[in-house]
Amino acid sequence: MIGVSLYAVQKVLFRLNNDAAVRKRFAADRDAVLAEYALTPEERRALAEADVGRLHLMGVHPLLLAPFAGRSGLKWPDYLAALQRARNAQRT
Amino acid sequence: MPLAFAAAAVHAPGITGRPQNATEQQRNAFFPAYRRLRERLEAARLDALVMVSAEHFTNFFMNNMPAFCFGLAEGFPGPSEDEPFLKIPKTTVPGAARLARALATAVSEEVDISHSEELVLDHGFMVPLHLLTPDMRLPIVPIVVNCLAAPRPALKRCYALGRSLRRAIDARAERVGLLACGGLSHWPAVPESGKINVEWDRAFLEDFLAHRLDALTRYTEEEIERDAGPGGHEVRAWIVVSAATEGARGEMLCFEPIPAYAITGAIVAMAV
């Protein structure tokens, strides 16, 4: 279920994926960019640390998450493994 | 002039980005079939190609998500993805602006659509174009369908769009083709990526070829998600073409499950 807050998380990712100027600002000062959105502390942390597993469990759409993961330096198999690890950890 | 060409084919990024990851047998089934489709497209001597593909967060977000969006511009930049990912050089594909505006006007009599002069083309359009018109000179009318964020257009509305598009195309003087670009079952960018529900794909294509409206539009959103994955919602593009070619015989040029591309390599040409 997508809540109001998840919308803001996904909006950050959409902007980062589609706007080079936002990416540049994010690289220089991620806290300043994230402060522009109504995020919970947990969401802000997950975005700032590129915690793709956590973002996946929150319900972020994979087509928003995968490009963000790639730009954050995660290789494709490592991205998929991070999602699987997060799911496994949630089950235990 | 009646619709001069109609087909449906998959558009997965791996097809151009990482072709070598498929087995030799799979490649030998898939790429020659795409070449045969290209020969048919060239033989049709089209003035323009209407392309129906899925939104992938390239143009739209949940702040304003159109069900159907017609691209009315004189040209469309693409691909939006980096060149190393798709192995397709950045270019501008010419738009058939006059035709697009006429089709959008005619279809608006029957189906609510939106339109844009700023569409960017992602792999959904660019992978088929790269294989079918690599010189990127055939003018296109891109139509983006929300196959992404619920609520999506109901499958029956996609059928209605297809029928309406056909009437609009047939009334034009230009030689116009129609191509659906999209996957059947697939699970993009999640750990299940590479999983394919071959039986689901086969059953859908049988109904597609027979233009069985009730069967094609019977799936609930939950059934598609469960059996065909989050990517399965892209069957909307196929449904548009099935509706636009009602009564026409279809020929399956390829049906080859290719896990490395995360899809069944499905390519169908309609005898219109």
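Before moving on, here are some points about what is shown:
- Counting DSSP beta bridges with both ends in the stretch B:5-271, the antiparallel % (nearest 5): 50 percent
- Neighbour-count ranking [beta-carbon atoms within 10 angstrom, fewest first] of A:T92, B:T220, B:T105, B:T16: A:T92, B:T220, B:T105, B:T16
- Shielding of A:11-18 by partner chains, average beta-carbon count, 10 Å: 3
- Shape category assigned to chain A from the gyration tensor of Cα positions, a/c cut at 1.5: oblate
- Of the GluC sites (Glu not before Pro) found in the stretch A:21-92, those in coil by DSSP whose Cβ has at most 13 other Cβ atoms within 10 Å are A:E36, A:E49.
- Footprinting exposure proxy for B:T92, B:T217 (fewest neighbouring C-beta atoms within 10 Å first): B:T92, B:T217
- 10 Å Cβ neighbours from other chains, averaged over peptide B:184-196: 4
- Distance violations [Cα-Cα > 30 Å] among A:K11/B:K87; B:K87/B:K156; B:K90/B:K156: B:K87/B:K156; B:K90/B:K156
- Of the trypsin sites (Lys or Arg not before Pro) in the stretch B:90-147, the ones in a loop by DSSP (not H, G, I, E or B) with at most 11 other beta carbons within 10 Å are B:R137.
- The Rg/Rh ratio of the protein assembly as shown, with both radii computed over alpha carbons and Rh defined as the Kirkwood radius, is 0.96.
- In chain B, the DSSP-assigned H stretches of four residues or longer account for a calculated mean residue ellipticity at 222 nm of -10500 deg cm²/dmol, using -39500 (n - 2.57) per stretch and the full residue count as denominator.
- Overall form of the stretch B:1-118 per C-alpha gyration tensor (a/c, 1.5; a/b vs b/c): oblate
- Peptide A:78-84 has a mean shielding of 3, counted as Cβ atoms of other protein chains within 10 Å of each residue's Cβ.
- Spin-label pair A:A20/B:A248, simplified geometry with 7 Å Cα→Cβ offset, distance in nm: 4.0 nm
- Exposure proxy order (Cβ contacts within 10 Å, fewest to most) of B:V268, B:V120: B:V120, B:V268
- Packing-based order for B:221-230, B:242-251, using average beta carbon neighbours within 10 Å, highest first: B:242-251, B:221-230
- Applying a DSSP loop filter and a limit of 13 other Cβ atoms within 10 Å to the GluC sites (Glu not before Pro) in the stretch B:1-95 leaves B:E74.
We did not get these values from a lab; they are worked out from the coordinates using the rules stated. Given the structure is predicted, the values throughout are model-derived calculations rather than measurements. Quick reminder, even Gly has a Cβ in these numbers, built from the backbone with ideal geometry, and neighbours come from all protein chains shown.
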